Structures are given as structure tokens and as C-alpha cells.
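Notes to accompany the following structure.
All of the numbers you see were taken from the coordinates with simple rules; none came from a lab. Not measured: the values here are computed from a predicted model. Here the Cβ positions follow ideal geometry from the backbone for every residue, glycine too, while neighbour counts run over all protein chains shown.
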Amino acid sequence: MCTASRLLSDQTIAAIEELFPCYPTRQAVVLPALHIINQQLGHVPPQAVEELATLLGLAPAQIQDTLSFYGFFKQDKPQGKVRIWFCHSLSCAARGAEELLEHLCATLGIRPGQTTPDGMFTLEAAECLGLCDGAPAMLANDTVYTDLTREKLDQIVQSLRSTAS
Amino acid sequence: MTVYIAAIPARRRERCLLRASGEGIARRFRSAALSGLPTMPYQNVLLANVGKPNSHTLAAYLASGGYSTLRKVLKEKSPQEVVEIVRASNLRGRGGAGFPTGLKWSFLPDKHPGPIYFCVNADESEPGTFVNRVQMEHDPHQVLEGTIISCYATGASRAYIYIRYEYPLCWKRMQAAIDEARAAGYLGRNILGSGFSLEVYLHRGAGAYICGEETGLIESIEGRRAWPRIKPPFPAVEGLFRKPTVVNNVETVACVKHILERGVAWFKSIGTPADPNDPRDPGSYGPKLFGISGHVNRPGCYEAPLGISCRELIERFAGGVWKGRKLKAVVPGGLSTGVITAEEIDTPMDFSGPLRVGCLGLGTGCLIVLDETYSMVDFLYNSCRFFAHESCGQCTPCREGTHWALQMLRRIKAGRGRIKDLDLLLEIGDTIGILPGTTICGLADGAAWPIKTAIRKFRQEFEDYIKHTNVAGWMETQPVPALEQSAVAH
């Protein structure tokens, strides 16, 4: 594999190698390594799977097997700059999450599972985020938003759009 | 930002945890003080630090006596003595199954050459459940101290804390706590000069509920798809990396710390004693965190003795049903436990209370309250969607059963339901899971209980809904085509 076309940056590889002492097997590094790659690339394309396999001394199929189990990792194209998980499990749904999710879909012009054409937002209808005391709630990248209302949601989308662009 | 405060006057000898901010604090404070409810002689221990400034830092934890229990245990007690103390306390796992913790530890093989692994289950994903998040965000050192003591008792040299992906703040605070603890000598080689060494690592999940099942969690740490293992062998014999392993919940290890600090007599003075007529009942002792969400005035995480009634939790702690409405149903301990009706809310919230009203058990002790306006069809649709989404696909009865239950609920919700569907749903509910013996893990039981309890306890509502929305076809008994997925949103 020539360096010029390599997907994983030196920094990413170093971060993965740093995990080696934490686990007695290389297979166990797969999940945290996928998180690191996803952080760098916004998704985990098949080529990254192959490169990770080489790095860990595993077969690409072993990594693909793990990756495909966890709905979190996407392979086809990078996720939006802001990935929104909107909870619609019972505690949130009981307090109006389904209607708010529809509102958010309309605001962003996408359905759950899709990314806006400008690559800004990816929206996902999430099962319980563990924020039930602040229902309805959502997670946007690493930030938690609770006690959502239509107005609050509009403001959040606006401020996320301005800070992410 | 969410602010947690202790907002009940100290003279009432208790602290509730309220979610509030700004002027809301004063308002909620007043309403609680004026409510004139009877006092209860109970002092928070698990949540004692929550709400104090910088409660997540080592400095704050040390100021409240943190790590003194670890120091004492390492100096005065042998690992076997710690196991004996935990065993004598009858502490039962707080993650859902309620298995006695000391007994679980005692399954580890004697004089094993090692390594022995310890896993802390922080993959809290059960709908309605969020108490571990409160613990890790606001008091990570308490969780860590409990983990270190538990590792000392079990002889584990390495611990993994499995945190779900959706808890980024827990991740940051736990990692910071580990770093601080290591720098201060509470972790690493030769802890506090005792000769005991321990490394603790965080392992981040990737959005799969099944990772909360203990062998699913083990598979996930090993870097594989989180397919639960067939037991036996149990993890204590052959677990993580095929070595003896203990998996305990966050709240369980926090309880371990308090048992060692305050003693078995203290722990057993709280909760519901064992039933003298049932030699297999280990009782329900100790404090418990209850998360209350849904249609209540003050959703939040509260601490109370096991055995407190469901009514008291809702009315006294959570401020009653919102908007002055009547109660319809309560999920007693996370979605998988099923539902109880308004008539059953005097049920004691201990390990056997919810069982007596037909639920799966205490579960995680997190209540979801539903008011009179909420449709049980929506409830069951939401529940079936969750379990169909989270079934790992390994066992056919669960993979197909949860999927077909969802298909039927979709059809019912869209006005194409048949009375016969209710019987088909019950048939699924009665045949999938560990209890009927058709699956490897309990996820299917969790999917079955909401179906069974909702339909058996609210059958009239389901029938009325079906008859009203499908006037032409509700009595149909021949097979009907499944609905297109696009016919119903999400």
C-alpha cells in the first residue's frame, strides 16, 4: 500500500497503537480503533478497514464483522459535521418527541438516517439516550440538549449551523 | 445545562435530587417544602455528593472522606474478608437481574494463577434508565473507589469500565477520575503500599443495547459483535479473554463501597427483609437509585430505600402526575419489566414487589410514568420498535419474534389491526426468551414482558382501538399482508 493513498493519518495510527497495552489481544483494539478512525474520517470506508486489519494483524473480515454489528459506524460516505441523535424511546416519546422529530425533519429537510446536502447535519432517530429526566432530549456530537421544545430546537439548529460552518 | 441540586430542607433529613435551573430552583424548592408530606428517616449515601460544587473532582471527593474506605480495607481486611462482608450483606446486583453480588464473586475459582478481570457495566441503555449516568457524571470517584475495592476482593488485576457511546460526559469525567486517582496512588502498582496493583481502562460502546448483557459486554470488549454467550461456562469461570471475570453494575460497585464503609448491619437495616417462608429469598436490602421520567412534575434521579412504594416515588419524589392528570400506567423498572396499572401502584419497589403484579422484576428501578391521555397502543408500538431494533439477531425466536411483533403493532397503529393480532402478540410474548427456554439471553424476555403485561392489563383499550380504527376488518382471522414500512413514520 503506497503512503500517498493511505487513508489513516500518522496521528490516527499512533493513537491506535497507544491502545495496544490496554488489551491482551489485538482483536480487542478493534472497537476503540474504529472510534478513532471514525473521528478522523467521519466514517469507516472499506479501505480503512483493510488498513486497520494490516495494523492489527487481523483479517479484514474480522474487522468488518465487528463493524457491521454496531449501527454507529457508517461506511458509504462521511457523516455530517454535526451528527444528531434524536431520542424517540418511551420517556421522550411520552413527552412529545415524535412530533418534535417530525419538526426537526421538516426544518432540516431530511428524514432520519439522512445527511443534509451541504454535509452539515446527519439526523438519526435514536433509541434511549439515557437522558430521560430531561425528555425530550437529543445528542449532537458530544453535546446534550434536554427539555426540548420547537422554539428551543429551532434555536439549537441555528446556532449549530453557524458554529459548524 | 442541566443542574442537579439538593433542594429539600436539610432538617427533613433527606435530600431529593431535582433537575432545576435559575429561578426554577426557588419555585421547586418552595413547592416541595409546602407539600407537607411526612418525613422519612433516610439519609442519602449514593447521591450524598451530587449537587456539591465540583463533585466530580478528586479534591471534592477527598473532602467528603473519599478513598478512606479503600485505605481502611487495604490495611485491615483480606480479600476473602471483603467477599464475606459483601456476601453477608445480601447485596443484589443493581443492573436488573438482582443476582447476589457476593455469591457471584464466590464463583471465581480458588487460587487461580490469573489474570482475573473485572468489568463494570456502564452500558446503561434500558429505556427510562439514567441513574448510572448521574453517578458517573457527578460522583465518578465513588464509582471508582467501589471498583477498586471490588477488584481487591475478587483478585482482579485489571478492570474495564464499559461506557455506552451516548454518555460523552461520563466518559470525560471517568477518564479524568482515573487519571487523578492514578496520580494520587489509588490506582496502578502497589496501591497505597498494600502490594495490590490494578489498572482501570474505559471501553467505549457503539450504540448497541445488547452490550449491557454481561456476556455480550465481554464479547464487545474482546472486539467482536456483541453476541451473548451460551452459559455455562459462566463468566466467573471463563469470561473476558477466556479468563475468570466478574461483571457488576455501576450502582452495585458503589454499594460495595458503602457496605465496607458503614457495615453489614447498616446495609441490612435498610430495605425489605428476606421472606422467612422462602428460603431462597435473599431479601432486598440497601439503598437504591430510582430514576423517574415520563409524565411527572419533577423527573429526576432519587435515592430511597428498597421497598419504597411506587406511589410514594411518584407522588412524593417526582411531584405527582403532570398537568393535574390521572395516572394510567407505570413502567416499574426500565421498559423490559412491563407495566403496572394505576391500581397497582402501592407495589413495593424491591426485588420481589413488581414480580407479584406480573412484571419481570425490579429491573433497573427506573420508572416511566404514563398519564391517562397516553395510548397503550403507542406504548406497545414504542416498546416493540425498541426491542426489534436492539435484538442482536443471534437467536431466531428473538430476531423474528420482535420483528413480527413490531409489524403487527405497525399495522394496528395504522388502523389495520385485527383482534386476532392480540392473541398472536401474546403467543410471541409467551414463547420468546430465557424463561420459555428459546433464547440465549434475556433480551427477548425484556421484549415479551411489555407485550404480555400491556395486552393482558389493558386488553379492552387495545380491542376498542382496533374496532374503532378498523371497522371493516377487525374480526378478520385469515392472514393479512404486512404493511409497507413507509406507511408509518419512523
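Starting from the 7 Å offset along Cα-to-Cβ, what nm value, one decimal, do you get for the label separation of residue A:59 and residue B:278?
The two pseudo-label positions are separated by 4.9 nm.
Return the distance in nm (one decimal) between the two label points of a simple spin-label model at residue B:197 and residue B:71, each offset 7 Å from Cα along Cα→Cβ.
2.4 nm
Enumerate the calculated ³J(HN,Hα) couplings along the range B:208-216 in order (Karplus 6.51 cos²θ - 1.76 cosθ + 1.60, θ = phi - 60°), each rounded to whole Hz, writing x wherever the residue is Gly or Pro.
Running phi through 6.51 cos²θ - 1.76 cosθ + 1.60 with θ = phi - 60° gives 9, 4, 5, 5, x, 6, 4, 7, x Hz.
Set the bar at 32 Å for Cα to Cα. Now go through A:74/B:104; B:288/B:457; B:288/B:452; B:104/B:172 and name every pair that lies beyond it.
A:74/B:104
Quick one: plug the Kirkwood hydrodynamic radius of the range A:3-69 (C-alpha pairs) into Stokes-Einstein at 25 °C, 0.890 mPa s, and report D in µm²/s.
Details: Rh = 11.8 Å.
Rounded, D is 208 µm²/s.
Using +1 on the beta carbon of Lys and Arg, -1 on that of Asp and Glu, and nothing else charged, what's the dipole of chain B about the Cα centre, debye to 20?
980 debye
Calculated FRET efficiency, residue B:355 and residue B:427, Cβ-Cβ r, R0 22 Å, to nearest 0.05?
Taking R0 as 22 Å, the efficiency between residue B:355 and residue B:427 is 0.45.
Dimensions of the range B:374-490 along principal axes (Cα, Å, largest first)?
In descending order, the Cα extents are 41, 30, 30 Å.
Any idea what log10 I(q)/I(0) is at q = 0.07, 0.11, 0.13 Å⁻¹ for chain B, Debye with uniform C-alpha scatterers and no solvent?
-0.38, -0.92, -1.26
Nearest 5 percent is fine: what portion of the DSSP beta bridges confined to the range A:82-164 is antiparallel?
Details: 7 of 13 bridges.
That works out to approximately 55 percent antiparallel.
Of B:376, B:403, B:391, whose Cα points farthest to the positive end of the dipole of the range B:376-483 (charges on the beta-carbon: +1 Lys, Arg; -1 Asp, Glu; origin at the Cα centre)?
Looking along the dipole axis, the top candidate is B:376.
Of all the C-alpha pairs in the range B:133-195, what % are more than 20 Å from each other?
Value for the range B:133-195 (Cα pairs over 20 Å): 25 percent.
Dividing the alpha-carbon radius of gyration of the protein assembly as shown by 2.2 N^0.38 Å (N being the number of residues), what value is obtained?
After normalising by residue count via 2.2 N^0.38 Å, the value is 0.94.
What per residue convex hull volume, in Å³, comes out for the range A:82-164 when only alpha-carbon positions are used?
Cα convex hull per residue, to the nearest whole number: 75 Å³.
Considering only the other residues whose Cβ falls under 9 Å of the Cβ of residue B:200, what net charge follows from Lys and Arg at +1 and Asp and Glu at -1?
Its environment carries a net charge of +1.
With an 8 Å Cα cut-off and a minimum separation of 6 or more residues, compute the relative contact order for the range B:49-269 in percent.
29 percent
Only Cα pairs under 8 Å and at least 6 apart count here; give the relative contact order of the range B:376-483 as a rounded whole percent.
Result for the range B:376-483 is 34 percent.
About the Cα centre, and with charges only on the beta carbon of Lys, Arg (+1) and Asp, Glu (-1), how big is the dipole of the range A:3-69? Nearest 20 debye, please.
60 debye
Given +1 on the Cβ of Lys and Arg, -1 on the Cβ of Asp and Glu, and no further charges, what dipole in debye does the protein assembly as shown carry about its Cα centre, rounded to the nearest 20?
1120 debye
Hey, in the GNM for chain A with a 10 angstrom Cα cutoff, which one of A:82, A:44, A:144 fluctuates hardest?
A:144
Translational diffusion coefficient of the range B:49-269 at 10 °C, 1.306 mPa s, Stokes-Einstein with Kirkwood Rh over Cα pairs, in µm²/s as a whole number.
The calculation lands on 92 µm²/s.
Run the Debye formula on the Cα coordinates of chain A, all scatterers equal and no solvent, and tell me log10 I(q)/I(0) at q = 0.12, 0.19, 0.21 1/Å.
The calculated log intensity ratios at q = 0.12, 0.19, 0.21 Å⁻¹ are -0.62, -1.11, -1.24.
So if each residue of separation counts as 0.36 nm, and I subtract the Cα-Cα distance between residue B:60 and residue B:107, what length gain in nm does that give?
Net length gain for the segment: 13.3 nm.
Order of B:364-372, A:35-43 by packing, highest average Cβ count within 10 Å first?
Values: B:364-372: 26.2, A:35-43: 18.0.
Ranked from most to least packed, the peptides come out as B:364-372, A:35-43.
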